[in-house]
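Have a look at the structure below, then the notes.
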Amino acid sequence: MLQRLFAPMTVALLSGGLLTPCLSAQTEDLNPFTHFARVPVGADLASIRFEGVRLVRVPARTAHTTDSNYCRELASREPGGSIACPSAQTVATAAAYEAVYSYTGQPLASDEAAGRSLTFAVYFRPGELTSDMQKALSARNSTRAEQAAYFAVSTSQETVQRVVIDGRQSHICQRSVVDGAWIHAGAGCQDNIRYSAVRAPSGYITVKVDPASPRLGRTGIASMQ
């Protein structure tokens with residue numbers, strides 16, 4: 001009798017998800033070897049300065065795991081959501097040369113000290129640097145100026161597409177404030193707003209760092225094109 005009851009109870013528990021969580025996982029390949037960074041417009045480009053280079057390991061692949069039961073339960077407790085749903089975990093790393101640069105810019109909103117000295121880093125695959133470069137960069141007696149000569153820095157400001165109100169094609173009614181609220185000045189006037197896409201300068205400067213021969217390497221910054 002107990003054996004006959006145990007089997008359906010087990011099936012019910014399993015099908016109800018009490019013993020087996022509803023898990024789904026998806027992997028994502030990363031590409032940290034882009035050789036560029038973006039700094040806000042207004043940063044002092046002349047202040048960009050090579051700080052150093054070192055051999056590190058960087059994330060190359062991540063796995064995003066979602067427990068649907070847990071996420072539903074978490075959503076009921078935290079309507080705003082949680083960064084833990086889904087969770088991300090690094091599952092593979094790759095060797096990389098990390099070149100760090102500093103520059104002077106506007107303080108970050110998250111920096112309570114309001115520091116103006118900021119940094120960014122770019123990453124190179126070992127195969128992108130010649131064996132002579134790797135040997136020179138890893139030498140203990142190499143100076144920062146000697147290491148900086150193996151990289152060439154250039155800057156550019158890209159344009160981005162933005163959607164704006166087309167003043168020529170749009171008709172906007174005149175307004176006035178009455179009792180603290182905006183109302184149309186003309187009775188029966190209806191707004192007819194048209195939009196158009198335009199190209200405008202980006203709010204960021206792209207700083208590109210490329211491997212270079214010491215004879216051609218430059219520690220200064222190339223002007224924007």
Could you please state how large a percent of the accessible area of region 155-217 is carbon and sulfur, counting protein chains only and using a 1.4 Å probe? 50 percent
Sorted by mean Cβ packing within 10 Å, highest first, what order do the peptides 183-194, 96-107, 130-141 take? 96-107, 130-141, 183-194
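The values are calculated or read from the model by the stated rules, or taken from the named source; none is laboratory data. Remember, predicted model here, so these are calculated numbers, not experimental data. Cβ coordinates were reconstructed from backbone atoms using ideal geometry, including for glycine residues, and neighbour counts include every protein chain displayed. In case anyone asks, the SASA skips ligands and DNA or RNA and just uses the protein heavy atoms, side chains included. Shrake-Rupley method; radii C 1.70, N 1.55, O 1.52, S 1.80 Å.
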